[in-house]
Amino acid sequence: MANLPSSSVPLVQEDAASGLREPGHRTEYLPAFNRTKFRCPRCGVVATQSWFGPYLKDFRKTNTGFAQVEERISDLGLSKCGACSAKCLWFEGQLVYPSQLTNHEVPADLPPEVRKDFEEAAAIAEASPRAAAALLRMCIEGLCKKVGGKPKFEDAIVELEQQGIPKAITVAMDVVRLTGNEALHGGILHGSDDAKTVATLFRLASLIVSWAITEKDELQELISSIGPEKFAGIEERRGKPPTKPPRRNEERHRPRC
């Protein structure tokens with residue numbers, strides 16, 4: 001085995017197939033072949049990676065007989081995590097072990113209307129990334145309509161943007177909206193969705209749930225815990241007429257208008 005050359009792949013994901021890129025924002029450190037630093041699929045820590053690749057020994061005929069030659073197999077290798085020392089196996093530039101698309105945790109607050117799409121996508125992501133991507137696009141569209149309280153995907157994105165959802169998320173949702181018809185047209189799957197596209201879509205769905213449902217519910221519970229008297233005093237000090245504080249355990253997942 002020999003050290004593989006360092007890769008010039010940038011740390012920010014730039015997947016042309018998905019188009020879901022957030023320039024100038026937090027790097028995701030997605031695992032990639034020959035990348036010298038990424039989030040380890042084994043321990044989950046962003047760490048430096050050492051690379052090792054095999055050589056193929058062979059004999060070639062020469063004018064004087066046979067000579068032994070060594071040829072490096074460029075698309076097969078092992079990455080070793082600097083944090084946990086665990087190894088990952090790569091073949092033809094793709095992560096073989098462990099799989100990037102296993103154990104996608106379903107967000108606890110994911111509405112039941114779209115949960116089935118998410119779960120089915122997780123079940124088939126490894127076998128058919130294109131089918132999983134199509135399901136995740138439907139999941140994200142339905143999720144946005146649910147939390148945005150709008151029947152049209154485009155209007156739901158605008159509503160969530162007005163509510164203050166981070167711009168990077170709405171840009172990604174717009175990409176999903178615009179590419180949805182291209183990826184699934186006339187009942188026939190098109191496009192070149194791959195493992196990275198699917199991983200990005202899973203991440204996007206989880207971010208929407210976290211921001212639009214989970215964090216808002218937690219903030220409402222925090223406000224409710226201060227008590228109605230203190231809540232009224234705070235509202236009065238802020239120059240607003242006293243309002244009734246939100247009740248605990250209000251119905252979750254209802255649209256925020």
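Points worth noting:
- Cross-link pairs 167/216; 57/87; 196/216; 150/216; 57/80; 116/216 - those with Cα-Cα distance over 20 Å: 57/87; 196/216; 57/80; 116/216
- Exposure proxy order (Cβ contacts within 10 Å, fewest to most) of 210, 225: 225, 210
- Each listed q (0.13, 0.14 Å⁻¹) maps to a log10 I(q)/I(0) for region 45-185 from the Debye sum over equal C-alpha point scatterers, namely -0.78, -0.85.
All of the numbers you see were taken from the coordinates with simple rules; none came from a lab. Only a predicted model underlies this, so the values are computations on that prediction, with no experimental measurement involved. Using ideal geometry, Cβ is built from the backbone for each residue, glycine included, and neighbour counts are taken over all protein chains shown.
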